[in-house]
Amino acid sequence: MAEAGKNSPRLQKWIYVILRVGVVVSGLVLIGGLALVLVAHQPRPEAAPPTVVGLVWRVLHGDGVAVIYAGLLLLMLTPLVQVAAATLGWLVTGPRRFALAAALVLTLLVLSLWLGVG
Amino acid sequence: MFTTPANIALLLLSGLATGVAGAVLGTGGGVFLIPILVVGFGVPMHYAIGTSIVSVIATSSAVASVNVERGIANLRLAIVLEIATALGAISGAIAADWLSAIVLEILFAIVLVPTAVAMWRGRGHSQPATTNNAATTGTDSSGSLGGRYFDAALGHEVVYAVRRLWAGLSASFVAGGMSGLLGIGGGVFKVPALNVWCKVPIKAAAATSNFMIGVTAAASAFLYYGRGDVRPALTAAVVLGVLAGSAIGSYLNLIVRGRLVRRIFAVLLVAVAAQMLARAVLLGR
């Protein structure tokens, strides 16, 4: 159990690692996608976002715009993973009422993800 | 917008500049980014908001990770307030889809004014940090939501209680709504409310708000993404620029602490607000 008024050190560490990894990985994917777009000379207006299945297929075929979309999605998913980790962390270390609050936030994020990305 | 190397380079530089300004001035950067995209590049308002909201996730995630590691961000308070901000952000993003670009530009220009006032006054003027004494004599009206952290500048541990949680929740809902509607972080609404109404020390209020901003932005970003308002090359270039700019700005922040710089930018923001308002009125005719 965490000391009163202090964040659980383990939870702090998890969130720190998730945020760092999320920013670095998505940043690298975005750099790769932009490079592909510029190298492949794709000076055209960009299309609407593909479906998740379509996105994976296009990334595997080296489509730069799809790689950028993947990088952006990774970045947008970082806070969601962070909240999921917080839910789990408070469930394990307590106080559990904060796990409930985190689960509520996670539900809202998943709802938004479902409405937006499908 | 076409993904030519020249455009990408210009967008990277714009992101870099707003990232530096945001880090040095303690704002999310969206207040500078959206006018640059809309007025400078002619990007449609909805696309500019979509780009800005993803940039907010990037900067918040980068800055928040440091605040979380130092223990300044109050995770418990953040997650409770986040219920209100996430609800507000989703509502704001849905409302943005119904509103015209002109209405959004007018609202954005209006929101720039309190941001400029906050920038003029500076964050450190609101309230001195609560000390250990306050924790032993004060009452925590919000259960275990209070926090403690070591303040290197003060040289001792700061302990605080959270008061009037309902006020914090209300301000958080408004901040979330503004974030989802206009693509800004919303800290300008949340930080003063946490500090003045909930009596959270300004450093903890800013760190907690910054930690929340990324989650709030994600709640609306998925909706903007689904509508096609997050344009890939535009957003990627700006996000990478903002991330680099934030890192440079965090370093410059240690050197540049001038009140004059802050006030120059505050005046600049008012001028930008006036320009965006005039533009929206002219377009609306």
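The values are calculated or read from the model by the stated rules, or taken from the named source; none is laboratory data. On a predicted model such as this, the values are computed, not experimentally measured, just so you know. Note that we place each Cβ from the backbone using ideal geometry, even for glycine, and neighbour counts take in every protein chain shown.
Structural remarks
- Set B:Ile36, B:Ile94, B:Ile83: member being surrounded by fewer than 24 Cβ atoms within 10 Å (Cβ to Cβ), over 24 Å from A:Val24 (Cα atoms), of a type outside the set (Gly, Ala, Ser) and away from every other protein chain (no Cβ under 13 Å): B:Ile36
- Residue within the stretch B:20-33 that is modelled with pLDDT of 80 or more, crowded, with 24+ Cβ neighbours inside 10 Å and over 13 Å from the mean Cα position of the chain (by Cα) present: yes
Residues checked against (1) charged (D, E, K, R); (2) under 26 Å from B:Ala9 (Cα atoms):
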{"site": "B:Asp151", "(1), (2)": "yes, no"}
{"site": "B:Leu169", "(1), (2)": "no, no"}
{"site": "B:Val191", "(1), (2)": "no, no"}
{"site": "B:Gly228", "(1), (2)": "no, yes"}
{"site": "B:Ser246", "(1), (2)": "no, yes"}
{"site": "B:Ser250", "(1), (2)": "no, yes"}
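- Tabulated pairs, the stretch A:106-118, first more than 7 Å from every other protein chain (Cβ to nearest Cβ), second of a type in the set (Ser, Thr, Tyr), C-beta under 6 angstrom, 6+ apart or interchain: A:Leu106/A:Thr87
- The condition of being in contact (Cβ under 8 Å) with a residue 12 or more places away in the chain and more than 9 Å from every other protein chain (Cβ to nearest Cβ) holds for only one of A:Leu55, A:Leu72, that being A:Leu55.
- Test for B:Ala93: is it in contact with a Leu (Cβ under 6 Å, 6 or more places away or on another chain) and among the aliphatic types (A, V, I, L, M): yes
- Selection of the stretch B:54-82 for residues being more than 15 Å from B:Ala204 (Cβ to Cβ) and touching a residue at least 12 places away in the same chain (Cβ under 8 Å) yields B:Val54, B:Ser55, B:Val56, B:Ile57, B:Ala58, B:Thr59, B:Ser60, B:Ser61, B:Ala62, B:Glu82.
- Qualifying position, being within 13 Å of chain A (Cβ to nearest Cβ), under 20 Å from B:Leu243 (Cα atoms) and surrounded by 24 or more Cβ atoms within 10 Å (Cβ to Cβ), among B:Val54, B:Val66: B:Val54
- Residue check, B:Val162 at pLDDT 90 or above, within 12 Å of chain A (Cβ to nearest Cβ) and within 30 Å of A:Gly33 (Cα to Cα): no
- Residues of the stretch B:156-176 satisfying the condition of being small (Gly, Ala, Ser), touching a Gly at 6+ places or on another chain (Cβ under 6 Å) and buried (at least 24 other Cβ atoms within 10 Å of the Cβ): B:Ala175, B:Gly176
For every residue, the table says whether it meets (1) outside any helix (DSSP H, G or I); (2) out of contact with any Cys (no Cβ under 6 Å at 6 or more places or on another chain); (3) surrounded by fewer than 24 Cβ atoms within 10 Å (Cβ to Cβ); (4) away from every other protein chain (no Cβ under 13 Å).
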| residue | (1), (2), (3), (4) |
| --- | --- |
| B:Pro192 | no, yes, yes, yes |
| B:Gly214 | no, yes, no, no |
| B:Ala217 | no, yes, no, no |
| B:Phe222 | no, yes, no, no |
| B:Gly241 | no, yes, no, no |
| B:Gly249 | no, yes, no, yes |
